[in-house]
1. When ranked by the protection proxy of mean other Cβ atoms within 10 Å per residue, highest first, what sequence do the peptides 38-45, 4-11 form?
2. Sorted by packing (mean other beta-carbon atoms within 10 Å per residue), highest first, where do 24-35, 47-58 land?
3. Which value in deg cm²/dmol, rounded to the nearest 500, describes the helix-derived mean residue ellipticity at 222 nm for the chain, given -39,500 (n - 2.57) per DSSP H run of n ≥ 4 and division by the residue count?
4. For P(r) over Cα pairs in 10 Å bins from 0, in percent, one of [x] 14, 37, 28, 15, 6, 0; [y] 13, 46, 37, 4; [z] 12, 33, 20, 18, 13, 4, 0 was computed from the structure I shared and the rest are decoys. Which label?
5. I need to check one value: relative contact order of the chain, counting alpha carbon pairs closer than 8 Å and at least 6 residues apart, in percent.
Amino acid sequence: MVVITVFYDGQCPACSGLMGWAVKRMIPGRVLWCSLDVPQVRESIPDSIRNLDTMIVYNHNRSLWIIKYAAVTHIGMQMVWPWRLLAVLLRSIPVQLGDTLYDWIAKNRYRWRSKNRCSC
């Protein structure tokens, strides 16, 4: 049963690489992956978060849209051991601190992986 849908920037090498890594560690059948490069996919996201420069997760069980650091931990909760345990530990970090860390990583990903602009 699909629990979450992950919306990510398919043009970003860092984002795509991270999603490829995560797919191999997921509990089968629990996550859908959607590239934000597809117009129909982008239009399915609420206007209030559609243009944010971030990864977006939709939790089907809670009908909830999740962004930034909380999105990362939600993805981690769908992974197999020991990655799920890491996600549980990461959830103990306050959201403001986690979002600050997420923003720092997103800002610096260009230097680490690519010079192309992307919205992780």
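1. Ranking, from highest mean packing down: 4-11, 38-45.
2. Packing order, densest peptide first, comes out as 47-58, 24-35.
3. That comes out to -13000 deg cm²/dmol.
4. Read-out taken from this structure: [y].
5. 32
Where a number appears in this text, it was derived from the coordinates with a stated rule and is not lab data. Bear in mind the structure is a predicted one, so any value in this text is a computation, not a measurement. In this analysis, Cβ positions are derived from the backbone assuming ideal geometry, glycine residues included, and neighbour counts consider all displayed protein chains.
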